[in-house]
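The values are calculated or read from the model by the stated rules, or taken from the named source; none is laboratory data. The shown structure was predicted, so the numbers you read here are calculated from the model rather than taken from an experiment. When we count neighbours, we look across all protein chains shown, and the Cβ atoms used for this are built from the backbone with ideal geometry, even at glycine. With ligands, DNA and RNA removed, areas are computed over all heavy atoms of the protein, side chains included. Shrake-Rupley method; radii C 1.70, N 1.55, O 1.52, S 1.80 Å.
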Amino acid sequence: MQLGSDEELKWRLSLLSSDDLMRGLFHNSLLELVRRLEGDAAVKECLEACGEARFLDFFNYAHYSYIKLLYAAARRMSDRFGGFERAMWEIGYAGGKAFYASAAGKVLILMAQGDPRRLLTNIPTGMQMASKHVELKVTLTGPRSGILAKREVMPRPHTEGGLTAMCEVAKVKGAKVSSRSLSPNENEYVVTWD
């Protein structure tokens with residue numbers, strides 16, 4: 001399935017249950033990016049695509065509303081970013097910046113105490129704060145590297161952008177995030193730093 005196709009979107013939505021929830025903070029950071037780059041009319045289109053009128057940052061909403069919003073926004077901004085995949089990455093990056101600027105995100109950064117290894121091992125806690133349905137394993141692979149294996153509904157570029165934002169907010173020197181798909185809904189993220 002091609003990332004961004006109607007078929008792929010339907011498949012992703014089929015993986016979700018009504019128990020899968022996500023904080024409105026991510027919806028709002030996405031809408032703010034759309035508003036800043038595309039204007040209010042584009043925000044309205046995206047909201048219509050997900051069937052919601054507005055979101056409150058720390059309330060939980062059905063994850064499927066975010067996926068619908070995400071695909072509508074990424075399709076809308078694909079030309080601006082040079083493709084659907086890059087638009088997904090940029091939206092994930094904006095969401096990561098918003099989360100780590102929030103009170104909950106700041107606590108996670110503070111708990112890391114400037115140690116990138118501690119930051120990585122705290123990611124499962126952050127993911128549970130952000131979304132109620134995440135399977136994640138963190139393995140430290142060396143003094144300056146770690147791997148996150150994640151079974152997820154989110155597209156890989158979205159998560160990669162969010163992890164990149166986390167490293168920037170935490171001021172991880174020389175951080176690089178790369179990823180690869182292990183299966184349609186399981187991805188591996190390699191994080192390295194200086």
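Just one of the listed residues (G92, G114) is over 17 Å from the mean Cα position of the chain (by Cα) and within 16 Å of V169 (Cβ to Cβ), namely G114.
A quick yes/no check of all residues on (1) touching a Leu at 6+ places or on another chain (Cβ under 9 Å); (2) surrounded by fewer than 17 Cβ atoms within 10 Å (Cβ to Cβ):
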{"residue": "E8", "(1), (2)": "no, yes"}
{"residue": "M22", "(1), (2)": "no, no"}
{"residue": "S29", "(1), (2)": "no, no"}
{"residue": "K44", "(1), (2)": "no, yes"}
{"residue": "C50", "(1), (2)": "yes, no"}
{"residue": "A73", "(1), (2)": "yes, no"}
{"residue": "W89", "(1), (2)": "no, no"}
{"residue": "S102", "(1), (2)": "yes, no"}
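When G82, G95 are screened for being surrounded by fewer than 21 Cβ atoms within 10 Å (Cβ to Cβ) and small (G, A, S), only G82 passes.
If the condition is being acidic (D, E) and either outside any loop (DSSP other than H, G, I, E, B) or touching a strand residue (DSSP E or B) at 6+ places or on another chain (Cβ under 8 Å) (or both), then region 168-194 contributes E168, E186, E188. G146 passes every criterion in (1) without any contact (Cβ under 8 Å) to a residue 60 or more places away in the chain; (2) surrounded by 15 or more Cβ atoms within 10 Å (Cβ to Cβ); (3) part of a helix (DSSP H, G or I); (4) of a type outside the set (A, V, I, L, M, F, W, C) apart from (3).
L13 meets each of the listed conditions (1) under 28 Å from S183 (Cα atoms); (2) of a type in the set (A, V, I, L, M, F, W, C); (3) open to solvent by less than 30 Å² (accessible area, probe 1.4 Å) apart from (3).
Among the candidates R86, R117, the residue that is farther than 16 Å from L148 by Cβ and out of contact with any Asp or Glu (no Cβ under 9 Å at 6 or more places or on another chain) is uniquely R86.
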